[in-house]
Amino acid sequence: MTLKDDLKAYQARWAEVEAVVEEERRTASIALRWQQLNAAYAMAKSLGMLEADPSEAGVFEQWGKLKEKVVF
């Protein structure tokens with residue numbers, strides 16, 4: 001197998017994964033979507049992101065807070 005063949009196979013596998021994920025998104029129930037929305041809201045609240053400052057400085061401040069909390 002050549003590198004080109006390997007890359008095509010890799011892309012094909014990820015295309016299949018994307019198709020499955022898209023199908024799951026399309027068929028997700030309202031209850032599941034509501035749970036996911038609540039989880040995203042709770043995460044934003046715990047990270048202190050609900051007090052929005054629409055100015056450019058406010059956006060940079062929010063990104064700074066997020067960067068401090070990220071653990072690599």
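The values are calculated or read from the model by the stated rules, or taken from the named source; none is laboratory data. The structure displayed is predicted, hence computed values, not measured ones. Counting neighbours? That spans all protein chains shown, and the Cβs are built from the backbone with ideal geometry, glycine included.
A quick yes/no check of all residues on (1) loosely packed, with under 10 Cβ neighbours inside 10 Å; (2) more than 16 Å from the chain's Cα centre (by Cα); (3) touching a residue at least 12 places away in the same chain (Cβ under 8 Å):
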{"site": "Asp5", "(1), (2), (3)": "yes, yes, no"}
{"site": "Ala9", "(1), (2), (3)": "no, yes, no"}
{"site": "Ile30", "(1), (2), (3)": "yes, yes, no"}
{"site": "Gln35", "(1), (2), (3)": "no, no, no"}
{"site": "Ala40", "(1), (2), (3)": "no, no, no"}
{"site": "Lys45", "(1), (2), (3)": "no, yes, no"}
{"site": "Leu50", "(1), (2), (3)": "yes, yes, no"}
{"site": "Gly58", "(1), (2), (3)": "no, yes, no"}
Within the stretch 22-52, considering residues that are closer than 21 Å to Val70 by Cα and not in a helix (DSSP H, G or I), the one modelled with the lowest pLDDT = Ala52
